[in-house]
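First up is the structure itself, then whatever we jot down about it.
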Amino acid sequence: MEETTSGGAAGMVALPPTPPEVEKTMNLLVAIDDSDESFHALQWVLDKIILKQGSVSEAGTDPRQSKVVTIVHVMEPLPRYAFPGGYAVVESASKALEQNASRILSRAFEMCREKSLKAKTLILEGDPKDRICRAVEEMNINLLAIGSRGLGQIKRTFLGSVSDYCAHHAKCPVLVVKPPPTPKKT
Amino acid sequence: MNCVSYNQSTGILNFPQSTSREQNQQQTTNLVPHPFAGMEKSVMVVGIDDSEQSFYALEWTLQHFFSPSPENSQFKLVIVHAKPSPLTAIGFAGPGTADVVPYVDMDLKRIAARVLEKAKEMCTAKSVNDVTYEVVSGDARNVLCEAVEKHHASVLVVGSHGYGAIKRAVLGSVSDYCAHHAHCSVMIVKKPKIKH
């Protein structure tokens, strides 16, 4: 004999265990780097999680408003000992890294713009694993999306480990996006 | 009175079909055209067991992906409970193990029924009605990965520390295994620890 209410009124039933602080905005953090897999992860998140433009929802609420997407790229600091050429070489190398980072982020921003989504971009420096987990805490993130195999070519041996580390240590739910299955060549 | 029947051959718990009254109510509440009419919804599989963490994961998923308007959600929800086989649950083979097996089996079935009841409660409280519930026997790792294949899921949601008290020693590894071996994206939801 229940009377169900139509529309967007949130259920007032208290269920154990209830996640605390029912927020209306969902802060998503998408970690990307230079690899294809992380861009695929971003595209996947945009396709599946962000509702498509022009969708009609009940009571005139815009579902897209409730999701805030931040794209983060973590630059690894250059090992100082690897450059015998002096300070100038290190300077230009870090400049190149920064340019690379902004190129990556602008590409990501373009992808978001196609979905009419204003994403925030962020460049961080340091060890990717730690930085991402710290960013999650500092920015009060609700969901971290990270591509599996998300590191560049050089570090591919340690690849799985960034997504792995974040899956274990991040304080928020983690979404690990796998690359699309490659067609097997006979 | 909701009667849950356990089908031993298929290992699926049967819930009574929704009454016509519920169906009528559902039809009248949709006053705007369904935005996803004609579009195939992606499947989201949520793996649950008897632990608090996995119910937290389900609650989190319902809150963030299925509310406030469950009809507009992009996902079709499938809830899978992996029922461990009695032998793995017992863990040791000693004299009298054979006698204990049927009791353990009954206990596990009861736990499975209870888990699904609670999951169903949580879903209906959030007005999410288009849910498939499954109980499959076997190891959680394989069960969840197979469920992903079977339903062609695009996301698998697991709680961290999602296995029961008996396997708690190897806990993190179910979500870990799924994160590496499932053929879809995996969302690992952790219950936040309260810091003092």
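The values are calculated or read from the model by the stated rules, or taken from the named source; none is laboratory data. Remember, predicted model here, so these are calculated numbers, not experimental data. Backbone-built Cβ (ideal geometry, glycine too); neighbour counts: all protein chains shown.
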Report summary line: Checked segment B:137-148 for anything modelled with pLDDT of 90 or more and touching a Cys at 6+ places or on another chain (Cβ under 9 Å); matches are B:L144, B:C145, B:V148
Report task. Give the residues of segment B:174-188 that are more than 15 Å from A:I146 (Cβ to Cβ), at the interface with chain A (Cβ under 8 Å from one of its Cβ atoms) and among the hydroxyl-bearing types (S, T, Y), sorted by residue number. Result -> none
Requested in this report: Could you tell me whether any residue of segment A:65-80 is in a helix (DSSP H, G or I) and either more than 14 Å from chain B (Cβ to nearest Cβ) or at pLDDT 75 or above (or both)?
Outcome: yes
Requested in this report: Could you pull out the residue among B:T124, B:T132, B:T61 that is of a type in the set (V, I, T), assigned by TED's automatic domain parsing to the domain that holds B:C184, assigned to a strand (DSSP E or B) and out of contact with any helix residue (DSSP H, G or I) (no Cβ under 6 Å at 6 or more places or on another chain)?
Outcome: B:T132
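For every residue, the table says whether it meets (1) more than 10 Å from every other protein chain (Cβ to nearest Cβ); (2) at pLDDT 65 or above; (3) more than 18 Å from A:D33 (Cβ to Cβ); (4) in contact with a Cys (Cβ under 6 Å, 6 or more places away or on another chain).
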site	(1), (2), (3), (4)
A:L143	no, yes, yes, no
A:G152	yes, no, no, no
A:V162	yes, yes, no, no
A:Y165	yes, yes, no, no
A:C172	no, yes, yes, no
A:K185	yes, no, yes, no
